[in-house]
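Below is one structure, written out as C-alpha cells, with a few remarks after it.
Computed from the coordinates by the stated procedures, all read-outs in this text should not be read as laboratory data. Remember, it's a predicted structure, so these values are computed and weren't measured experimentally. We place every Cβ from the backbone using ideal geometry, glycine too, and count neighbours over all the protein chains shown.
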C-alpha cells in the first residue's frame, strides 16, 4: 500500500513535464545522498553528545560556529558565481575559462581563508576569556582554526563540480566525507583528549574531504586543457561582492543565536541548543537537494524568457519539498523529547527548543527554492536586502530574549528570522521577476 502511494506521488510530480521529471529524478539521487549525509551528520552529533556530554558538546559547537562563520566569509561570496561561470563555460566547451575562473577563485579564497585562520588562532585565548567567559574554549577553537583553510577550499571544489553537473561528487564532498571521517576518529581521540580530541577529529575530516575534492576535480576535468587564460577578476567580483554580504548575513542568522547565547548560559545549555539546532536542520535536506538541481534550470528559463515554465517548475518543486519534509516535521512537533533523548538524558530539556526551531525550518521549506530563484535570475541585491533585514531582526531578538529566556529565546529569534527572510524573498521575487514559489498562489504575473 505504501509503495503504491509513493509511486502515485512520483507520477504526479513527473507527469507531463520534462523539466519536472528531470528535477524529480535528479533530486531523488541528490536526496538519497543527503539522507546518507544526514544519517552520518546526525550520527556524528549524537556520538559527540554521548562522548562529551552537554558541556563538552557546547564548547565544540561554539568553536564550530566561529570557524563556520569565518570559512563562509573567507569564500568571499564566490560560491554561486563559481558554479554559474563554470557551468556556462563548460557548456560552451570553453575549458580554458573554466580553469581560469576556478584558479582565480582558489587563489583568492586561499589567501582570505589563511588570514582568517591566523586571526582565529591568535585571538582564541582573548575570545574565550573576555567574550565568552569560557577559558577552556581557547585550545578547542585554536585547533579547529587549523581546519578553516581546507574547509573553505573544499566548498569551492564542490561548487565547481556542481557547475560541471557532477552533483553526487559535489554533495558527497560538501556533506558526507568530512563528517564521516570526523565521526570515525572520535572514538579514538575523544576518550583521551575530550573536546580537544573532537576538535582534532574535525581537522582530520576536513583534510580528508579536501583530498577527495582534489581527486574528483582532476577526474572530472581529465582530458581538458588548462590553458593559461586569465579570467577577468572584475567579472567575478561583480557577482561575488553582493553575495559575500548576503553570505555573511546568512551566517549571522544561522550562528548568531549560538554566539550570543555563549556569554549568557553554561556550556551545557549551549550543547543542548546546538544539538537541537542541528536536528532541526534535517528538515531542509530536500530543500538543498532540489536547489542543487533547480538552480541551472531557473537560470536557463530566465535567460530564455520562459517565465511561465519557471513559475510552474518552482511551485511544483515546493510541493515536492513540503511533502518530503512533512513527516519529519510532525515527529519534531509531536515527540521532541524523544528526539532530543537520542543525544542523551540531559538533552531532553531541549525539546521546546527543538519544536520552535523545527517550525522555523519548516517555514523555510514552505518558501521553496525562493532564494535560489532570486540568485539565478540576477537579483542578488534583493536577496541581500532580505537577509540584511532578517539578520537585524535576528540579532535584535537574540539580544532582547536570550538574557531572560536562554536557549528558548535563541530558538525564537532564529525561527522568526527564517520566517522573515522567506516572506521578504517571496515578495522580492514577485516584484522583480513576477514569480512566486508558494503553492496555491498564482505562479507568475499575467
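Structural remarks
- Positions within region 195-220 being more than 28 Å from residue 50 (Cα to Cα) and under 20 Å from the mean Cα position of the chain (by Cα), in sequence order: 212, 213
- Tally of residues being under 13 Å from residue 38 (Cα atoms) and crowded, with 24+ Cβ neighbours inside 10 Å across region 146-185: 2
- Region 109-126, residues that are surrounded by 21 or more Cβ atoms within 10 Å (Cβ to Cβ) and over 20 Å from residue 154 (Cβ atoms): 124
- Region 340-428 holds helices (runs of 4 or more DSSP H) entirely within its bounds, and those carrying 3 or more residues that are in contact (Cβ under 8 Å) with a residue 12 or more places away in the chain and over 18 Å from the mean Cα position of the chain (by Cα) map to 351-366, 380-405.
- Looking only at residues of region 337-347 that are over 21 Å from residue 266 (Cβ atoms) and in contact with a helix residue (DSSP H, G or I) (Cβ under 7 Å, 6 or more places away or on another chain), we find that the one that is surrounded by the fewest Cβ atoms within 10 Å (Cβ to Cβ) is 342.
- Flag for residue 408 being surrounded by fewer than 22 Cβ atoms within 10 Å (Cβ to Cβ) and under 26 Å from residue 272 (Cα atoms): yes
- The residues of region 58-99 that are touching a helix residue (DSSP H, G or I) at 6+ places or on another chain (Cβ under 6 Å) and free of Cβ contacts under 8 Å to residues at least 60 places away in the same chain amount to a single one, 89.
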